[in-house]
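Report on the structure given below.
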Amino acid sequence: MDLLIINGLLIDPSQDIENLNALLIEGSSVRGIVDRASYSVQGDSAQVKGYPGKKFSVIDAKDKWVVPGLIDIHTHMRDPGYEYKEDIITGTRAAMLAGFTSVCAMPNTRPVNDNKAVTHYMISKAEAMGYVNLFPIAAASKGSEGAELSEIYDLVEAGAVAVSDDGMPIASAELLRKVLLYIKPIGMPVVDHPEELSLGRSGYMNEGTVSVRLGLDGIPQTAESIAVARDILLAGETGSRLHLAHISTRYSVELVRWAKKMGIPVTCEATPHHFSLSDQAVEGYNTDAKVNPPLRSERDRQALLEAISDGTIDCIVSDHAPHGRDEKEIEFDKALNGISGLETSLGLSLQLVHSGIIDKRRLVRLMSQQPAQIMGLKGKGTLRPGSDADVTIISPDDTWIVDRDTFVSKGKNTPFHGMELRGRAWMTITGGTIHGDTRF
Ligand SMILES: [Zn+2]
């Protein structure tokens, strides 16, 4: 469609832009940003200088922010294989309504995405719906079993943007080193879920006063940080790109800070649940707050906030992990790990802006520009002329209550049910198409 988005606050850190100019979209591409003197509006269409005889449909974004489409590089779409938890139709529709225009999907499906057929299936199913762009992250090892390299070149050719065994770490240092070396000429990141399994599988929640009080075996912070240190050293040695998934402890943050200072090509992500909640949320044996890595101490949470604000953390991801009801509504030790995070991700992240921890531009960097850079998504994360017409319009002051029963995702497992949040997505435009399927 040919669109002119007017009256909104345009925020594009890639061009150092934050102003009230209008965004011009022609077909599936951004044409440019035009000032008030360059267009005239009649009803709901507009004429734009330099485009004689052409009519643009007007979107009035008054009191809203117009930003490059948000990108979530860590989701579990559960399809193929676990469609009772989520499928690509519900998952990508939830993403779209939550303000995302692109998602990366982890490979821990059934079968595992370690072959072209699964990669093709995921991409084509998402394309057929057209809600958002879906970029698969393929398995680093065959079956994500951590023994043998997967067919990485094949998977990349089929459309994978990175490799990971997420859900599990790449436990063998030797194998991770091999994957890093193998992927180096391709220039893609290896995404590792940093966990030392001998410690990480020792408990059910963060080790601390809350775990002691609840009588639950704890997972020490070293379960993560030891793996973070190992991964960073291997990235440093090989010179390959490493992206650390969902870091959650103050030691991990310090290690990443050190790595960046040393010039090691490492990036990392944090989730809204880790920066919004501490292990207190587990009180009452709340299985909706059971997640891996576990919700950490308040001190760790504060360290994450500081790292988000100073740029140590490169992006925010939902780690969307939907589960069936009977996988969560059971004894704490038996409940599966994970939070259905897509539909609260932007709302929780906006609280960082409202509370002054980050500014609007940093939010856009964390949720659009840097995710695009990390995954090498060309034409995304920016509103430069010629880029893809992926746009999110945010209503920053719209107050709402999280209600799991209205989630579009099949996963209703959220510890944020009933929480009041300020700000949410108002409209998403993917490839120049506005989806009629909006709730607002
Ligand atoms: Zn993970």
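A short reminder: the numbers here are calculations on the coordinates, not readings from a lab. As the structure is a computational prediction, the values presented were derived from the model and not from experiment. Virtual Cβ from ideal backbone geometry, glycine too; neighbours counted across all protein chains shown.
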Exercise. Let me know the charge dipole size of the stretch 368-440 about its Cα centre in debye, to the nearest 20, where only the beta-carbon of Lys, Arg (+1) and Asp, Glu (-1) is charged.
Key: 240 debye
Quiz item: Working out 0.36 nm times the residue gap between Arg422 and Asp403, then minus their Cα-Cα distance, what length gain in nm do you get to one decimal?
Solution: 5.4 nm
Quiz prompt | Hz values of 3J(HN,Hα) by residue in the stretch 320-332 - Karplus curve (6.51, -1.76, 1.60), Gly and Pro given as x | solution = 3, 9, x, 9, x, 4, 6, 8, 10, 8, 9, 3, 4
Self-check item: Helix 88-97 axis, angle to the chain major axis (alpha carbon atoms, nearest 10°)
Solution: 60 degrees
Self-check item: Over 21 Å between alpha carbons, listed pairs Lys116/Lys410; Lys260/Lys380; Lys261/Lys360; Lys260/Lys378; Lys290/Lys410
Solution: Lys116/Lys410; Lys260/Lys380; Lys261/Lys360; Lys260/Lys378
Self-check item: Exposure proxy order (Cβ contacts within 10 Å, fewest to most) of Asp114, Asp288
Solution: Asp288, Asp114
Quiz item: If the cut-off is 20 Å between C-alpha atoms, which aspartates and glutamates fall inside it for Lys54, apart from same-chain ones fewer than 8 positions away?
Solution: Asp2, Glu26, Asp35, Asp44
Quiz item: If the label point is 7 Å along Cα→Cβ of Glu306, which residues in the stretch 219-237 have backbone nitrogen under 18 Å from it?
Solution: 221-222, 225
Exercise. Just tell me the longest site-free run in the chain, where the sites are trypsin sites (Lys or Arg not before Pro) in a DSSP loop having at most 16 other beta-carbon atoms within 10 Å.
Key: 63-200
Quiz prompt | Rounded to 5, the percent of DSSP beta bridges in the chain classed as antiparallel | solution = 50 percent
Exercise. Along Cα→Cβ, 7 Å out, is where each label goes; now give me the distance between the ones at Glu127 and Tyr84 in nm to one decimal.
Key: 3.2 nm
Self-check item: Projected label distance in nm at Asp44 and Lys142, using a 7 Å step from Cα toward the beta-carbon
Solution: 5.6 nm
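Net charge near Glu148: determine it from the other residues with C-beta under 15 Å of the C-beta of Glu148, scoring Lys and Arg +1 and Asp and Glu -1.
-3
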Quiz item: How far, in degrees from 0 to 90, does helix 173-183 lean away from the longest principal axis of the Cα atoms of the chain, to the nearest 10?
Solution: 30 degrees
Quiz prompt | Relative contact order (percent, whole number), the chain, Cα cutoff 8 Å, 6+ residue spacing | solution = 19 percent
